[in-house]
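What follows is a short report on a single structure.
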C-alpha cells in the first residue's frame, strides 16, 4: 500500500472514532471502543461497574475491588489492515479496599509501500501507536459516589514521524446497588503532546461522556444510555454528497436541525441476562448511523451486537459492529480470573 492509502486509513480511523470532528486532534485511537462488551453496546459505555478491568481504561471511576486479579485481553480486526487491542489488569491491597489498575492500548496500521513525489518506489514503512495507563479510584466516605483517575503515556510513530504525549482521565460514578443503578461522567484525554510529530503541538482528542444504566425490575435486562462529546454541541453537518438538484438546476442542501444535533450525541445499548453466565448485547450509535449511512441503501450503519460466555474462570466475549456496506469489525476478548 502507498502513502495515499495510509492517509485514507488514518482518516477513516479518525472518522469512525470522532466522525466529522476527526482531524482536530492527534492520537484518535484513544477514543476507540476498548473491548467487545463496550463495542457491542454502541461504544463509549462508561457505566459498567463490575469485574471487568478493561472498563478502567475508559472510565477510571469504574475501578473497584471486584476487579482484583482480573486480566482482560482484547483484539479487534479493524478496518483494512489495521489491528488494535487492549490489555488491562487490576490488583487490590489494604484488605482489598484499594485497587491499582494498569492497562495498554495499542494500534498497528500495517505495512505500506513508500513512493516519492515522482512516483518512484522508496522504502516500505509502517505505523503504530500505544498508550500505557495507570489508574486508581476511591469511594467518597459514607456515600454512593466513586471517583478515579488515570494517567496515560502515549507513543506514536507514523512513517518517519514520531510523537510522545501524556494525558489523564477523570471520572465520577454514582452506584446504587439496591436499584442496580449507575450514573457516571468522565473527562477523557486531558493532556498534551510533549514531543510533536514536526513542529506544531497538536491537541489531544478531549471528550466528556455522560452515562446512565440500570437493570429493569423483575426483567433480566440492563439498559445503557450514553451522551458522547458533551463538550461540543455542533456535531451535525450538511453533507455535500446529499445535495439534491432539481430539473432547473436549483440545489437543495441537506438540512440539519436541533433534533439532528441532539441525536448525534446519543448511544443506546441493552444487555440481556446481565448477571448470568451468558449475555447478549445490542447497541445503536446514532451519530455513526447517520454519518456513515449511504443514501437509498440499507446498510444497517450504527448497529452493533455481541455476546459473552463464562466458562469457569474465563469469560469469552465477541462483538460485531456495522459501519456501512463496505466496513464492519469483529472484536474478540478474554477475561481471566487469576485468583
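The values are calculated or read from the model by the stated rules, or taken from the named source; none is laboratory data. Predicted, not measured: the structure shown is a model, and the values here were computed from it. Cβ atoms come from the backbone with ideal geometry, glycine included; neighbour counts cover every protein chain shown.
Considering the conditions (1) in a strand (DSSP E or B); (2) under 13 Å from residue 30 (Cβ atoms); (3) under 19 Å from the mean Cα position of the chain (by Cα); (4) touching a residue at least 60 places away in the same chain (Cβ under 8 Å), residue 193 is excluded by exactly one of them, (3). Take the conditions (1) more than 17 Å from the chain's Cα centre (by Cα); (2) within 22 Å of residue 236 (Cβ to Cβ); (3) assigned to a strand (DSSP E or B); residue 284 misses just one of them, which is (1). Among the conditions (1) in a strand (DSSP E or B); (2) at positive phi; (3) surrounded by fewer than 16 Cβ atoms within 10 Å (Cβ to Cβ), residue 119 misses just one, which is (1). Using the structure shown, decide if residue 327 is surrounded by fewer than 19 Cβ atoms within 10 Å (Cβ to Cβ) and either within 16 Å of residue 44 (Cα to Cα) or modelled with pLDDT under 95 (or both). Judged against the criteria, residue 327 is a match.
Let's see how each residue does on (1) modelled with pLDDT of 95 or more; (2) surrounded by fewer than 24 Cβ atoms within 10 Å (Cβ to Cβ):
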| site | (1), (2) |
| --- | --- |
| 68 | no, yes |
| 73 | yes, yes |
| 92 | no, yes |
| 105 | yes, no |
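With surrounded by fewer than 24 Cβ atoms within 10 Å (Cβ to Cβ) and either under 15 Å from the mean Cα position of the chain (by Cα) or modelled with pLDDT of 90 or more (or both) as the only criterion, which of 17, 25, 33 stands out? Break it down stepwise before answering.
Numbers: 25 fails: either under 15 Å from the mean Cα position of the chain (by Cα) or modelled with pLDDT of 90 or more (or both); 33 fails: surrounded by fewer than 24 Cβ atoms within 10 Å (Cβ to Cβ).
None of the other options fit; the residue is 17.
Scanning the range 185-200 for residues that are more than 27 Å from residue 113 (Cα to Cα) and surrounded by 15 or more Cβ atoms within 10 Å (Cβ to Cβ) returns 185, 186, 187, 188, 189, 190, 191, 193. Consider residue 60 carefully, then state whether it is at pLDDT 95 or above and either farther than 23 Å from residue 27 by Cα or surrounded by 23 or more Cβ atoms within 10 Å (Cβ to Cβ) (or both). Answer is yes for this residue. Restricted to the range 56-96, and to residues there that are touching a residue at least 24 places away in the same chain (Cβ under 8 Å) and part of a helix (DSSP H, G or I), the residue that is farthest from residue 303 (Cα to Cα) is 65. Taking the criterion of being modelled with pLDDT of 80 or more, surrounded by fewer than 14 Cβ atoms within 10 Å (Cβ to Cβ) and at positive phi, would at least one residue in the range 239-260 satisfy it? No, because not a single residue in the range 239-260 is modelled with pLDDT of 80 or more, surrounded by fewer than 14 Cβ atoms within 10 Å (Cβ to Cβ) and at positive phi. Look at residue 39 and say whether it is under 11 Å from the mean Cα position of the chain (by Cα) and touching a residue at least 40 places away in the same chain (Cβ under 8 Å). When the stated conditions are applied, residue 39 passes them. Could you check, for the range 163-184, whether at least one of its residues is surrounded by fewer than 20 Cβ atoms within 10 Å (Cβ to Cβ), in contact with a strand residue (DSSP E or B) (Cβ under 7 Å, 6 or more places away or on another chain), in a strand (DSSP E or B) and modelled with pLDDT under 95? No; the residues of the range 163-184 include none that is surrounded by fewer than 20 Cβ atoms within 10 Å (Cβ to Cβ), in contact with a strand residue (DSSP E or B) (Cβ under 7 Å, 6 or more places away or on another chain), in a strand (DSSP E or B) and modelled with pLDDT under 95.
When the residues of the range 299-324 are filtered to those that are outside any strand (DSSP E or B) and closer than 15 Å to residue 43 by Cβ, the one that is modelled with the highest pLDDT is 302.
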